[in-house]
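Notes for the one structure printed next.
The values are calculated or read from the model by the stated rules, or taken from the named source; none is laboratory data. Predicted model, so just to flag it, every value in this text is computed and none were measured. Glycine gets a Cβ as well: all are built from the backbone with ideal geometry, and neighbour counts include every protein chain shown.
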Amino acid sequence: MPLTIPDYLLNEAGLSERDARIEIACRLYDANKLTMPAATRWAGLSRVEFEEELLGRKIAISRPTTEDLKQDLDTLRRLGR
C-alpha cells in the first residue's frame, strides 16, 4: 500500500519529497524499525550517503550489542595469547 503525503504537508514542514524520504528513513532507522539496507533503499541513497545523513543528524551508524562486545573481547584475548 503506497503512502501519500500531501504537498501542503510537505510545504508546511519545509521539506521536498526527497528530503521527506531521507528524514523518514533516518528516523525509522534510529527507532530500530528499519535495517541499514532497508533505510538506504527507502531514502533512495547509497550507503555512504545515508551514513552521512545519519551523522548530520547525530544518529549512531553502528549500535553494537553487549554480545558484540563480549565476542570482541574474547577475540582480543585469543589474539593476545
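If you take just the helices (runs of 4 or more DSSP H) that sit entirely in the chain, which of them hold at least 1 residues that are polar (S, T, N, Q) and surrounded by 15 or more Cβ atoms within 10 Å (Cβ to Cβ)? Let's see the steps before the verdict.
Details: elements: 7-13, 17-30, 36-43, 47-56, 66-80.
Helices (runs of 4 or more DSSP H) meeting the threshold: 36-43.
Looking only at segment 47-60, which residues are under 13 Å from MET36 (Cα atoms) and in contact with a helix residue (DSSP H, G or I) (Cβ under 7 Å, 6 or more places away or on another chain)?
So in segment 47-60, the residues under 13 Å from MET36 (Cα atoms) come out as 47-54, 59-60.
Result: ARG47, PHE50, GLU53, LEU54, ILE59.
Somewhere in segment 36-52, is a residue more than 15 Å from the chain's Cα centre (by Cα) and among the charged types (D, E, K, R)?
Taking segment 36-52 and keeping what is more than 15 Å from the chain's Cα centre (by Cα), we get none.
Within segment 36-52 (the criterion being more than 15 Å from the chain's Cα centre (by Cα) and among the charged types (D, E, K, R)), the answer is no, since none of the residues qualifies.
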- Item | Long-range neighbours under 8 Å by Cβ, at least six apart or interchain, first residue farther than 12 Å from LEU45 by Cβ within segment 8-34, second of a type in the set (Val, Ile, Thr) and at pLDDT 95 or above | ASP30/ILE59
- Message: Which count do you get for residues in segment 61-81 that are of a type in the set (D, E, K, R) and closer than 25 Å to ALA38 by Cβ?
- Response: 3
- Counted residues in segment 3-26 being among the basic types (Lys, Arg) and within 21 Å of PRO64 (Cβ to Cβ) come to 0
